[in-house]
Amino acid sequence: MKLFADINISTHVVAELAARGHEIARMDRFLDPRAEDAEIASFVSRHHGVLITRDQDFPAILAMSGATSPTIINLRHSRTDVAFLVTLLDAVLRSHTEDITTGAVVTIDDGGVRVHLLPIGREN
């Protein structure tokens, strides 16, 4: 699966995920760092990718539009150390592969992992 990291995801996290075998690139490699959220979502969707972000606007954009892509991994965890985040993201990517490829908002926070299939509000 193609992963795209929003500008608010550390380059160190991106490099470590790549070292673990994930296909990942930061969005600033493709779009202006000031690109609008809708433009980022559209780009990731067109490239059949998954966006890892800390930006809380993306789930709202998907919910309001009824979109079925892209999958958003919404990183809300309070810990910011690279080793912890990489281990956490790697585990989530491996354990929720089916939902991530189907289309979902995956929220990772201090309380755990929650998955909402897209479009938001559909009955699962």
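The values are calculated or read from the model by the stated rules, or taken from the named source; none is laboratory data. For clarity, every value in this text was computed on a predicted model and none was experimentally measured. As a convention, Cβ positions derive from the backbone with ideal geometry for all residues, glycine included, and neighbour counts pool all protein chains shown.
Looking at the range 1-75, the helices (runs of 4 or more DSSP H) lying wholly inside it that each contain 3 or more residues that are among the small types (Gly, Ala, Ser) and at pLDDT below 95 sit at 57-65. Residues that are of a type outside the set (A, V, I, L, M) and in contact with a Leu (Cβ under 6 Å, 6 or more places away or on another chain) within the range 79-124 comprise 103, 124, listed in sequence order.
Looking across 115, 106, one residue alone is touching a helix residue (DSSP H, G or I) at 6+ places or on another chain (Cβ under 9 Å), without any contact (Cβ under 8 Å) to a residue 40 or more places away in the chain, hydrophobic (A, V, I, L, M, F, W, C) and closer than 18 Å to residue 23 by Cβ. It is 106.
Residue-by-condition table, conditions (1) within 20 Å of residue 117 (Cβ to Cβ); (2) surrounded by fewer than 20 Cβ atoms within 10 Å (Cβ to Cβ):
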site: 27; (1), (2): no, no
site: 30; (1), (2): no, yes
site: 38; (1), (2): no, yes
site: 48; (1), (2): yes, yes
site: 55; (1), (2): no, yes
site: 61; (1), (2): yes, yes
site: 67; (1), (2): yes, yes
site: 85; (1), (2): no, no
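Only one of the numbered conditions (1) surrounded by fewer than 18 Cβ atoms within 10 Å (Cβ to Cβ); (2) over 14 Å from residue 4 (Cα atoms); (3) in contact with a Ser or Thr (Cβ under 9 Å, 6 or more places away or on another chain) is violated by residue 104, and that is (1). Applying a threshold of 7 Å to beta carbon distances and a minimum spacing of six or more residues, or different chains, the list of pairs starting in the range 56-75 at a residue that is of a type in the set (S, T, N, Q) and ending at one that is surrounded by fewer than 16 Cβ atoms within 10 Å (Cβ to Cβ) reads 68/119. Checked against (1) touching a strand residue (DSSP E or B) at 6+ places or on another chain (Cβ under 9 Å); (2) at positive phi, residue 13 meets all criteria but (2).
Pairs, please: C-beta under 8 Å, at least 6 apart or cross-chain, first residue under 18 Å from residue 32 (Cα atoms) and in contact (Cβ under 8 Å) with a residue 24 or more places away in the chain and in the range 1-14, second of a type in the set (Lys, Arg) and not in a loop (DSSP other than H, G, I, E, B)? Here the result reads 4/26; 5/26; 6/26; 7/26; 9/26, each pair linking the range 1-14 to a residue that is of a type in the set (Lys, Arg) and not in a loop (DSSP other than H, G, I, E, B).
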